[in-house]
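First comes the structure, then the notes that go with it.
All of the numbers you see were taken from the coordinates with simple rules; none came from a lab. Bear in mind that the values here come from a model prediction, so they are computed numbers and not experimental data. Here the Cβ positions follow ideal geometry from the backbone for every residue, glycine too, while neighbour counts run over all protein chains shown.
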Ligand code: C5J
């Protein structure tokens with residue numbers, strides 16, 4: 001059994017590490033770069049960049065260990081038929097969803113601005129979920145994919161902490177997944193909202209799940225893979 005130091009208490013990694021997936025939410029140019037959706041809503045998008053190096057390390061670790069990786073993108077079809085008026089008309093930003101901006105049409109699938117930032121771009125074989133809402137389960141095949149792969153534990157990362165990351169974690173928690181939000185691999189335009197989200201998640205004995213820094217995960221994964229290796233090589 002491998003435990004990660006976490007809050008409100010230790011997070012137990014599954015015995016079979018292939019049941020543990022890294023979920024990377026919406027690390028898209030639309031949220032991370034000037035000229036995208038986040039910027040159009042008046043946010044300081046560049047503050048999200050701080051998590052990229054640590055998240056890349058976590059992604060590289062999962063890749064090196066051959067563990068499941070899920071990337072999500074918040075996006076809409078070109079005709080916006082999957083974007084309800086309540087979402088389309090919300091916010092009164094400089095540009096609306098579907099409008100043309102410097103990186104193409106805002107939050108529309110396939111446009112340059114809608115892509116994942118190059119540092120974290122998915123590799124072939126990794127799961128990519130295109131989602132019309134804030135949560136990664138709503139209107140997507142994510143639930144059936146996780147079920148089919150036998151995944152039970154999720155490390156949740158990405159942007160923005162209190163919107164798509166938190167919504168996804170709540171959706172996953174209600175579906176029975178053991179979820180941990182990686183503290184230094186998620187970011188918000190509002191530091192106080194990030195802090196509040198981390199506290200809400202782990203309050204009341206972990207009512208939505210756990211939080212931990214990436215360093216705890218690296219340690220626990222190293223210990224778990226060491227014991228898995230010794231399990232494999234030990235003569236019976
Ligand atoms: C937002 C997201 N903030 N990915 N989307 O609208 O959190």
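With R₀ set to 41 Å, the beta-carbon distance separating residue 195 from residue 79 gives a calculated FRET efficiency near 0.55. With distances taken between every two different alpha-carbon atoms, the chain has a Kirkwood hydrodynamic radius of 18.2 Å. A simple spin-label model places the labels of residue 230 and residue 99 6.0 nm from each other, with each point 7 Å out along Cα-to-Cβ. Helix 214-233 and the longest principal axis of the Cα set of the chain meet at an angle near 40°. Result for the chain in a Gaussian network model with C-alpha springs under 10 Å: among 214, 136, 94, the largest mean-square fluctuation is at 94. When the helices of the chain are scored as -39500 (n - 2.57) per DSSP H run of n ≥ 4 and the total is divided over every residue, the value at 222 nm lands at -10000 deg cm²/dmol. Once the Cα-Cα distance is subtracted from the 0.36 nm per residue extended length, the residue 203 to residue 184 segment shows a gain of 5.0 nm. Comparing mean-square fluctuations of 216, 225, 86 from a GNM of the chain with C-alpha springs under 10 Å, the top value falls on 86.
On full extension, the segment bounded by residue 18 and residue 86 gains 20.6 nm, given 0.36 nm per residue less the C-alpha separation.
Computed over the chain with a Gaussian network model linking Cα atoms closer than 10 Å, the most mobile of 61, 157, 211 is 61. The calculated FRET efficiency for the pair residue 5 and residue 121, based on their C-beta separation and a Förster distance of 35 Å, comes to about 0.70.
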